[in-house]
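The values are calculated or read from the model by the stated rules, or taken from the named source; none is laboratory data. Since this is a predicted model, take the numbers as computed values, not measurements. Glycine gets a Cβ as well: all are built from the backbone with ideal geometry, and neighbour counts include every protein chain shown. We work out accessible area using only protein heavy atoms, side chains counted, and drop any ligands, DNA or RNA first. Shrake-Rupley method; radii C 1.70, N 1.55, O 1.52, S 1.80 Å.
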Amino acid sequence: MTEDPDAILAKLPARLREARRAQGLSLDAVAKLSGVSRSMVSQIERGESSPTIATLWNLTRALQVDFAGLLEEAPARQIEVLRASDVPTIENRGAGCTIRILSPPEEAGRHEVYELRFAAGGMLDSLPHARGAREHLSVIEGEVEVTSGAGTERLGPGDTARYAADVAHKIAAAAPARAFLVVQDA
């Protein structure tokens, strides 16, 4: 561990943010777990405020990280693996459609990645997302029909459609199909 107080303070914001993201926690969740206000957690992570020892202790306990470990040199970046059996899955958002969530929780609302698996006759019918939201759908197997607003297109394996998601939109499959969906600015 380094003895230079400035070097220690320079590392804290990034290390705390990395620890929070590694746990898949939002700023609100860390605030609730630690008793430190959301705004203070945010300021600390941005390097705009230096935490007291008590605040740092509460944050490290909430994040389940070793106090001293935050200040040591970080090992080379590791590869994060999410095994197929551990991928979060949503079954009740569409008829005959299974949605596998491939993006990390902290990306929700900004850049979401999903694998869609459709049974014959399956459909994912969505209400408009936030203004400016877009979806990018790439078909891997089978065929799907995409509707966005008044437009409709049929896609087959290898095809990609990019369309507005801030209007009513749906994806339907007459036969079993599989696709990847990227949602931006939802």
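What pairs can you find where one residue is in the range 151-166 and within 17 Å of residue 132 (Cα to Cα), the other is loosely packed, with under 15 Cβ neighbours inside 10 Å and charged (D, E, K, R), and their Cβ atoms are less than 8 Å apart, with a gap of 6+ or different chains? Pairs that qualify, where the first residue is within 17 Å of residue 132 (Cα to Cα) and the partner is loosely packed, with under 15 Cβ neighbours inside 10 Å and charged (D, E, K, R), are 161/153; 166/131. Taking the criterion of being in a strand (DSSP E or B) and touching a Phe, Trp or Tyr at 6+ places or on another chain (Cβ under 8 Å), the residues of the range 135-152 that qualify are 135, 137, 138, 140, 144, 146, 148, 151.
For (1) open to solvent by 60 Å² or more (accessible area, probe 1.4 Å); (2) modelled with pLDDT of 95 or more, each residue gets a yes or a no:
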{"site": "104", "(1), (2)": "no, no"}
{"site": "108", "(1), (2)": "yes, no"}
{"site": "141", "(1), (2)": "yes, yes"}
{"site": "160", "(1), (2)": "yes, yes"}
{"site": "172", "(1), (2)": "no, yes"}
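Here residue 100 passes the criteria (1) closer than 27 Å to residue 156 by Cα; (2) basic (Lys, Arg); (3) open to solvent by 40 Å² or more (accessible area, probe 1.4 Å) except the one numbered (3).
Between a residue in the range 40-68 that is farther than 15 Å from residue 19 by Cβ and without any contact (Cβ under 8 Å) to a residue 12 or more places away in the chain and any residue that is outside any helix (DSSP H, G or I) and not acidic (Asp, Glu), which pairs come within a Cβ distance under 8 Å, given they are 6 or more apart or on different chains? Partner pairs satisfying both residue conditions: 43/49.
A single entry from 46, 93 fulfils the requirement of being under 23 Å from the mean Cα position of the chain (by Cα), closer than 30 Å to residue 121 by Cβ and either at pLDDT below 85 or open to solvent by 100 Å² or more (accessible area, probe 1.4 Å) (or both): 93. For the range 99-113, state whether one or more residues are of a type in the set (Val, Ile, Thr), closer than 24 Å to residue 24 by Cβ and in a loop (DSSP other than H, G, I, E, B). For the range 99-113, residues of a type in the set (Val, Ile, Thr), closer than 24 Å to residue 24 by Cβ and in a loop (DSSP other than H, G, I, E, B): absent.
Sub-6 Å Cβ pairs linking a first residue in the range 117-133 that is at positive phi to a second residue that is surrounded by 14 or more Cβ atoms within 10 Å (Cβ to Cβ) and assigned to a strand (DSSP E or B), at least 6 apart or interchain, are 121/96, ordered by first then second residue.
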